[in-house]
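Structure first, commentary second.
The values are calculated or read from the model by the stated rules, or taken from the named source; none is laboratory data. Because the structure is predicted, anything quoted here is derived from the model rather than measured. Counting neighbours? That spans all protein chains shown, and the Cβs are built from the backbone with ideal geometry, glycine included. Each accessible area value is taken on the protein alone, full model and side chains, heavy atoms only, with ligands, DNA and RNA left out. Shrake-Rupley method; radii C 1.70, N 1.55, O 1.52, S 1.80 Å.
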Amino acid sequence: MEVNISKRSWILLWICLILLNVIMRIPLTPHEIGHDSFLIHFVADSISTYGHAKWWIHPLSIVGLYPFSMASALPFYLSGISQVLPLAMEQAIWVALLSIGIFSSFTAYLMAGAIKDDKIFKFITALAYSTSMGILVQTTWSASGRGLFLVFLPLFIYFLIKSRFSKLKYILFTVVLFIFLLATHNLFYFLIPIILSFVIALIISNIHIKSSNYYGGIVLLILFIIFFMELSLEKVAMDTMILNYARYIGVLGIFAIGGFIFILFKNNKTFEDNFFILFLLFFVPLLSILTYSKFFMLPFVALLISYGISNLVRISQNRKGALFVMVIFIVLSIGIAEFYQFGRTNIQDKNQDSQFWAEESTVNAGLWVKSYANELVYTDNTLLSLEILAYSGATMLTGSNVVYPIQDNLEEFNLSKRSQFSTLFYSEGPYHIDNKSGLNQWAWFKLRDEGLDGRWGWIAKAHNINYFIINEKIVSVFSSSSKIQENDRVFDNGNISIWNYRY
């Protein structure tokens, strides 16, 4: 879709897109959001405190594939932001996530340019990607390696495609981006079909095959249907898959269908077209891995959306009318995305057992622990444990094993190697802990499940736990224990209470 745009109008469009990205990421809550965010908050703070990554006990710890570790890129990025500006870690997370949220529009723009050198096509891709619900969820005050990975994924695709021309700088940047993504999140396994598609597309580009685009498109469509029916729908129901993808792609995903049909039946397919089609074909069997694929698919869906929108406008007899309809859909998409942003962090719902974000009462409890609790702390609530850990940095017995090497509370452990044919080898790493029942993480889960009055109640005394933190909104076997006496209460703000346990 060729449209003449003045330089002034082009600058204005980008200013509007950047402002839109900022507005859509304005916090709706008083404190950070998420679950993993609080653990990463703590880990990033530890880098600032100690000056190095204390969880690096093996080379694989850098990429989070060794026990008691996590991928390191995001904690180092957050620690750097916190120290340079300087800001408290919570504020640093907001600034860092807002920055990469805006940056996602530029990486998507570059990626689209590597596929098709058309200004409007590239801008629609940038808009669709940076404002999609999946990207918003991962880049709005919720620290997640997944978000950082998704922002830089389009840049990796851009350099990979450009490296086809054998320019050293593109090859170098591709390798550097691959290593960076490796240290960002275990989504890096999904890079394999991208690289494989690139290699096969290179081979195909050197083979001149005469075939009908129509019949070739039919064959490709049949292959997609077979792969989808046999490899994806065997594991996940169609309605579940549609709802999951629709939730994170958004309203503009409707146009991806037209873009998909266009790319299949396009005349005179280029290397970039073949690369794109091959990746989609290889990715179809992975669609059923909803936890990850619904996010990883976003940059490619953004490209399909751009194809769909630009082609509909191009073939329309009333171009102004078509553009008006597109604008309506874009506004609707942005509105629904913002509705979900508000819906997942609704601060009006005070009756939830555990909020998706840190409440003021939780932060205050964490600050009290930081100031007064100088011995081992425990809570049986998973989210509350991470929140207190983030805002206090206190020595805690928790369910997150990366905490223990950082707090110098790591016990001896025995490892065995997993088989390369095991899925855990790739998702959890090549090493397995043999003596989990002797480690602190195991003790935390047992005490959580049994409480002080159960058969594992002795764990509290064995680990010399001095402070218990209880979420008053939840009744658990732990909080209802007869061993916690009223006169042991040292802090209570209505939602969170802290008890000084006397054996």
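Residues in the stretch 213-221: is at least one within 26 Å of residue 309 (Cα to Cα), buried (at least 16 other Cβ atoms within 10 Å of the Cβ) and either of a type in the set (A, V, I, L, M) or at pLDDT 90 or above (or both)? Yes, there is a match, as at least one residue in the stretch 213-221 is within 26 Å of residue 309 (Cα to Cα), buried (at least 16 other Cβ atoms within 10 Å of the Cβ) and either of a type in the set (A, V, I, L, M) or at pLDDT 90 or above (or both). Restricting the stretch 10-55 to residues that are open to solvent by less than 20 Å² (accessible area, probe 1.4 Å) and of a type in the set (Val, Ile, Thr) leaves a set whose member that is farthest from residue 126 (Cα to Cα) is 47.
Candidates are the residues of the stretch 56-99 that are in a loop (DSSP other than H, G, I, E, B) and open to solvent by 50 Å² or more (accessible area, probe 1.4 Å); the one that is farthest from residue 441 (Cα to Cα) is 85. Taken as a whole, the structure places residue 92 among residues that are modelled with pLDDT of 95 or more and over 15 Å from the mean Cα position of the chain (by Cα). For the stretch 434-457, residues that are within 14 Å of residue 479 (Cβ to Cβ) and small (Gly, Ala, Ser) total 3. When we screen 62, 81 for residues that are over 18 Å from residue 134 (Cβ atoms) and touching a residue at least 60 places away in the same chain (Cβ under 8 Å), the only hit is 62. Of all the numbered requirements in (1) without any contact (Cβ under 8 Å) to a residue 60 or more places away in the chain; (2) assigned to a helix (DSSP H, G or I), residue 364 misses one, and that requirement is (1).
Any residue at all in the stretch 100-110 that is surrounded by fewer than 22 Cβ atoms within 10 Å (Cβ to Cβ), touching a helix residue (DSSP H, G or I) at 6+ places or on another chain (Cβ under 9 Å) and free of Cβ contacts under 8 Å to residues at least 12 places away in the same chain? No; the residues of the stretch 100-110 include none that is surrounded by fewer than 22 Cβ atoms within 10 Å (Cβ to Cβ), touching a helix residue (DSSP H, G or I) at 6+ places or on another chain (Cβ under 9 Å) and free of Cβ contacts under 8 Å to residues at least 12 places away in the same chain. Whether any residue in the stretch 409-425 is of a type in the set (A, V, I, L, M, F, W, C), crowded, with 16+ Cβ neighbours inside 10 Å and within 22 Å of residue 492 (Cβ to Cβ) is what I want to check. The answer is no; no qualifying residue exists. Has the stretch 441-449 got at least one residue that is open to solvent by 60 Å² or more (accessible area, probe 1.4 Å) and not in a helix (DSSP H, G or I)? The answer is no; no qualifying residue exists.
Among the residues of the stretch 172-185, those that are part of a helix (DSSP H, G or I), touching a residue at least 12 places away in the same chain (Cβ under 8 Å) and open to solvent by 10 Å² or more (accessible area, probe 1.4 Å) comprise 173, 174, 177, 178, 180, 182.
Out of 206, 268, 274, which single residue is on the phi > 0 side of the Ramachandran plot and over 23 Å from the mean Cα position of the chain (by Cα)? Of 206, 268, 274, the one residue that is on the phi > 0 side of the Ramachandran plot and over 23 Å from the mean Cα position of the chain (by Cα) is 268. In the stretch 451-471, the qualifying residues are those that are under 17 Å from residue 381 (Cβ atoms), modelled with pLDDT of 85 or more and not hydrophobic (A, V, I, L, M, F, W, C), and the one that is nearest to the chain's Cα centre (by Cα) is 471.
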